[in-house]
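The next block holds one structure in the form of structure tokens; read it before the comments.
The values are calculated or read from the model by the stated rules, or taken from the named source; none is laboratory data. Keep in mind that this is a model prediction, so the values were computed, not measured. No Cβ is skipped: glycine too gets one built from the backbone with ideal geometry, and neighbour counts run over all protein chains shown. Surface accessibility is based on the protein's heavy atoms, side chains included, excluding ligands, DNA and RNA. Shrake-Rupley method; radii C 1.70, N 1.55, O 1.52, S 1.80 Å.
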Amino acid sequence: MRQELGRGAAFAIGGAAAFACMSALIKLAGSDLPNPVIVFFRNLFALVALLPWLAATGRSRPSMRTARPGMHLLRTATGLGAMTCNLAANFAA
């Protein structure tokens, strides 16, 4: 139990550090690149980070199946729109 708590804390700290680095890099790139390019590369790097997990679990994993693909696409579009609007609001000054 104790080892699992330490592992969870390490993942939380690592995730916070990754988000802080991502935010700093987005602020640096925001003055030179348009918002859609930043959104594209942010999602591209997220996909690259997930590829090993997707390759290891395969397509047969039940949690990767959806009974509502239309709702999944709507969620994706909403997330992309929110990310674009967030960047536009941050760099609108």
Selection from the stretch 40-93 of residues that are in contact with a helix residue (DSSP H, G or I) (Cβ under 6 Å, 6 or more places away or on another chain), in a helix (DSSP H, G or I) and either open to solvent by 80 Å² or more (accessible area, probe 1.4 Å) or among the polar types (S, T, N, Q) (or both): Thr84
Any residue at all in the stretch 14-34 that's surrounded by 10 or more Cβ atoms within 10 Å (Cβ to Cβ), touching a residue at least 60 places away in the same chain (Cβ under 8 Å) and among the β-branched types (Val, Ile, Thr)? yes
